[in-house]
Amino acid sequence: MFSNRRSTDDFAEEIRAHLEMEADQLEAEGLPRAEAERRARVVFGNVASARERFALRHRVQWLGTIRQDVRFGFRMMRRNPGVTAVAILTLAIGIAASATVFSWIDAVLLEPLGGVTEANRLVTLETVTANGEWVPNSYPDFIDFRDHLKLFDGIAVSRPSAISVGRDEHAERVWGELVSGNLFAVLGVKPEAGRFFLPSEYGDTPGAFPVAVISDRYWRSHFGANPEVIGQTIRINQHELTIVGVAPPEFHGSMPVASFDLWVPYMQQPVLNGVKEWMLRDRHNRNMLGIARLKPGVSIDQARAELKGLADRMAVANADVSEGMSATLMPLTLSPHGPHALIRGPLRILMGVCVLVLFIVCANVVNLLLARATVRQREFNARIALGASRFRVARQVLTECLLLSGGGALFGICVTPWLTHALHYLTPPGPFQQLVSIDTRTNFALMAFTAGVCLFIALATGLFPALQVGRAHLSAGLNDGGRSGIVGRSHNRLRSALVVSEVALALVALVGAVLFVRSFRQTLRIDPGFDPNHVLVNQFYLSTNGYNLEQRKEFCRRLAEQMLSSPGVTEAAYSDGVPLGFEPSWWEELVIEGYAPSPNENMNIFRNVVSRGYLPLMRIPILEGRNFTEHDDYDAPRVMIVNEAFVRRFLPGRNPIGVKVHGLGDWFRIVGVARDAKYHYLNETTPAYFYVPFRQMYREDMNLAFYVRTQGEPDSVVPTLRAQTRAIDPSVTVFDIAPLREFIGASLYSQKVSASLMSIMGTIALVLAAVGLYSVMAYSVAQRTQEIGVRMALGAEPRHVLRMVLLQGLGLTAIGLVAGTALSLAAMRMVAGVSFTNSAMGTSALLLEKTSGTSVVYLAGAAFLCVVATAASYLPAYRAASIDPMKALRTD
């Protein structure tokens, strides 16, 4: 009675009119008006109910047509398995690459800390030196910030630390954090079991609060998720602590891209690490990373202004230590400390590259679907002629595109968790290899992103085929079918434009990959100023074994003697820090005799505490003066060795030998000048640097790296080092042993990630562009079969046809190369300013160094793409040249 296409309002009006007519008739028969209206409603039903029934029936019918579209779409996919497989595989590549990069971006930039409450109110707190560089905070500074700032809901600090868990030879090394007691309260983390630290455990009493919180991962792997673990003791650094709680699974610590398993109050550091209590009260001892929560409604600018005002007053009150220093706030993702600072720059670039790859994927799939839509044009015209609306047919095309992109998304999301481990594989050996971790679980954000990409691809790839259906001329389409079967020129122009865009984008990705690889290789060729070959390095954490300072020194001396007497070992040495590692050199504020610093000049100079065999083992020559000797012990006058950059900056035109320098709480005399070396990055401008003797200045809070130079391959003496270590103390375990050549790769981590992943993306883009060009040329030849047959029947030779098809493919490639060159130049200018950070001082280096011969890279990339284009066009051209004219002329 009523058309399905009528609106619910029209339907309701009609129902209301019939109701009035029925009520009038009943009233004319003698019934009261109220009773007449009641009986009319019984007959026709309530108007609102009628509207709802109509709308429900309309929705059911609409859903029924959707189900028909889906079933028909699956049937078309089964009918064209080749096209379906190529489209889904192409989409899977693009979606998997994009989802992988998004999972990294989500972990580093969007949700750097899991399991926290209102992460948008969390910021990092950084101390700023007089010349604007960032440094960690001291514990006394933290106390001042915590007790005097009013615009914060809380301020906490943490310090990453390697922790020994277990007894003696069965102990294992675990990464944990020494934290202020209020850390979990500031972050807003809720325990999975037990409790976190109580307010009574927030205090500042050294040695107090022997409690610990463990991670969900450690709870499940070591305690079988037993809830009775709460209240049990755990042996940490040879001391018993009580487990009071378990962190939730999504919480991994206060540092992005890092995974910790233990949290212990910072006041336990004197007990666990043998650190003197006075070091906790020393403002020079800056090793705490600050994190703060803003009060609701407080902007970061308001809080930053309050913090700066307090820090400026502190700088005046503590002028002997903090003169000229200040403090600032920044978002969690911009913190210069931790592994995430290394990959922040590469991720910005990869975001852009993924967009390029997605565009290439879309262009490829659009080409495939345009070809299929052209073949199906008669089907579409027939459906329209039989009564289907153009929107109905276009919706069918879009549904098929959504099914294809959904299939690609399904395959892509399945391999994404595996691909996210790629960053871990690129991490060089060393202490942070166990620490660096990105959560690979498929979360809501990743699923939402993948669904968004899937929908975008479906719309992008289905738009042009759907428009093609919408613009089809019904009479011409039904009468078409002559012998030519040639598609319109506009369709060919569109497909050609898509191929041009693919070639252009592929050139951008290819040039970018080559430039990053060249920059990385050029950096590798930089002389580090020392010889890392045939050197084995291991970092010991003797404080975790309960060693005091004298025991650590004695351990190093005995191990060096025993290694020197071992076969294959030529030299042994030890130091505080390892050059070109993840951890930066520590720095000291210096006062140099006869040198007047300029206003706001940074006098915090990097240093290393080394044994007397360190410089000879590293092949760093002494240019003036002497090396350290066995007489430079704790009872001897303090001495130091400086590098050439130190002399150029502070002592130009002066004899450096004998100059007095104040630092580390004492006066030193320069006894030697060592050759410049690289300390943080291979491409850094060499900073001023100095060395002090291990026997004079080694302290409880310092690290310990042990070096062995070998006659053969460094790995050959690994068993010897393990055996000699066990001979001295079976409870000391060798964890992070690696050749120095590999260990120093930490300084190249960002560039290595950029070069490796850009190479992969460039290869993907190149392959996709080649596939796109091949598909267009193959389809063009198939559509021009009759034309080519006519040409050959009229005398054209196969070589002429071969050349014609090849020139068509190369012509599209040439246009794409011109556009791609312009895009590449613009993109490389943007990338040239991206840097990475890896220093407690906030120092940085460029990801893409300037290299000579850049124009050669563009020419080589264009030439390589021409070769690929020729190869992609040759097979269709060869088929065209092999066409039999008689068969072609008979083709319908």
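So how exposed is Trp104, as accessible area in Å² (1.4 Å probe, rounded to 10)?
10
Sort Asp320, Asp676, Asp141 from largest to smallest accessible area, using a 1.4 Å probe on the heavy atoms of the protein chains.
Per-residue accessible area, sorted high to low, gives Asp320, Asp676, Asp141.
From the backbone phi of region 566-579, what are the Karplus-calculated ³J(HN,Hα) couplings (6.51 cos²θ - 1.76 cosθ + 1.60, θ = phi - 60°) in whole Hz, Gly and Pro given as x?
For region 566-579, the Karplus-derived couplings read 8, x, x, 9, 9, 8, 9, 7, 8, 7, 6, x, 10, x Hz, x marking Gly and Pro.
Quote the accessible area belonging to Ile728 in square angstrom, nearest 10, computed with a 1.4 Å probe and with ligands, DNA and RNA left uncounted.
Only protein atoms counted, so the area is about 30 Å².
Do any GluC sites (Glu not before Pro) in region 89-163 lie in a DSSP loop with no more than 12 other beta carbon atoms within 10 Å, and if so, which?
Glu118
Taking 0.36 nm per residue of sequence separation and subtracting the Cα-Cα distance, how much length would be gained by fully extending the chain between Lys295 and Thr763, in nm to one decimal?
163.6 nm
Take peptides 272-278, 502-508 and line them up by average Cβ neighbours within 10 Å, highest first, as a rough protection proxy.
502-508, 272-278
Convert each backbone phi in region 106-114 into a coupling constant with the Karplus relation 6.51 cos²θ - 1.76 cosθ + 1.60 (shift: θ = phi - 60°), then list the ³J(HN,Hα) values in order as whole Hz, x for Gly and Pro.
Whole-Hz 3J(HN,Hα) from phi for region 106-114: 4, 6, 9, 10, 8, 10, x, 10, x.
Pulled fully out, how much extra length does the chain show between Asp527 and Glu250, if you take 0.36 nm times their separation in residues and subtract their Cα-Cα distance?
95.4 nm
Estimate the FRET efficiency between Phe391 and Arg67 by the formula 1/(1 + (r/R0)^6), using the beta-carbon distance for r and 22 Å for R0, to the nearest 0.05.
On the way: r = 17 Å, r/R0 = 0.79.
It comes out at approximately 0.80.
Of Lys660/Lys752; Lys553/Lys752; Lys553/Lys678; Lys553/Lys660; Lys276/Lys660, which pairs sit farther than 31 Å apart, going by alpha carbon to alpha carbon?
Lys660/Lys752; Lys553/Lys752
What's the extension gain from Leu467 to Ser882 if we count 0.36 nm per residue and subtract their Cα-Cα distance?
145.9 nm
For Asp633 paired with Asn548, estimate the spin-label separation in nm (one decimal), with each label point 7 Å from Cα along the Cα-to-Cβ line.
The two pseudo-label positions are separated by 1.8 nm.
Sequence neighbours fewer than 8 away in the same chain don't count; with that in mind, list the aspartates and glutamates whose C-alpha is under 14 Å from Lys190.
Partners within reach: Glu118, Asp216, Glu250.
Can you give the FRET efficiency to the nearest 0.05 for Val415 and Ile657, using r as the Cβ-Cβ distance and R₀ = 45 Å?
On the way: r = 62 Å, r/R0 = 1.38.
Step by step, r from the Cβ atoms, then E = 0.15.
Given a Förster distance of 51 angstrom, what is the FRET efficiency for Ser598 paired with Ala225, based on the Cβ-Cβ distance and rounded to 0.05?
E between Ser598 and Ala225, to the nearest 0.05, is 0.25.
So who's got an amide H within less than 5 Å of the one on Gly154, skipping anything under 5 residues away but keeping other chains? H placed 1.01 Å off N, in plane.
Under 5 Å from the amide H of Gly154 lie the amide H atoms of Arg293, each far enough along the sequence or on another chain.
Setting aside same-chain residues fewer than 8 positions from Lys150, which aspartates and glutamates have a Cα under 18 Å from its Cα?
Glu126, Asp141, Asp301, Glu306, Asp312
Using +1 at the Cβ of each Lys and Arg and -1 at the Cβ of each Asp and Glu in region 493-651, identify which of Leu617, Leu524, Pro579 lies farthest towards the dipole's positive end.
Toward the positive end, the furthest listed residue is Leu524.
Ordered by residue, what ³J(HN,Hα) values in Hz, to whole numbers, does region 808-815 give under the Karplus form 6.51 cos²θ - 1.76 cosθ + 1.60, where θ = phi - 60° and Gly and Pro are x?
Taking θ as phi minus 60°, the curve returns 4, x, 5, x, 4, 5, 4, 4 Hz for region 808-815.
If Lys and Arg each add +1 and Asp and Glu each add -1, what is the summed charge of the other residues whose beta carbon sits under 10 Å from the beta carbon of Asp69?
Numbers: positive: Arg67, Arg71, Arg392, Arg395; negative: Glu400.
Cβ neighbours under 10 Å give a net charge of +3.
The values are calculated or read from the model by the stated rules, or taken from the named source; none is laboratory data. Computed from a predicted structure; not experimentally measured. Methodologically, a virtual Cβ is constructed for each residue, glycine included, from the backbone with ideal geometry; neighbour enumeration extends over all protein chains shown. Protein only, heavy atoms only, side chains kept; ligands, DNA and RNA dropped before computing areas. Shrake-Rupley method; radii C 1.70, N 1.55, O 1.52, S 1.80 Å.
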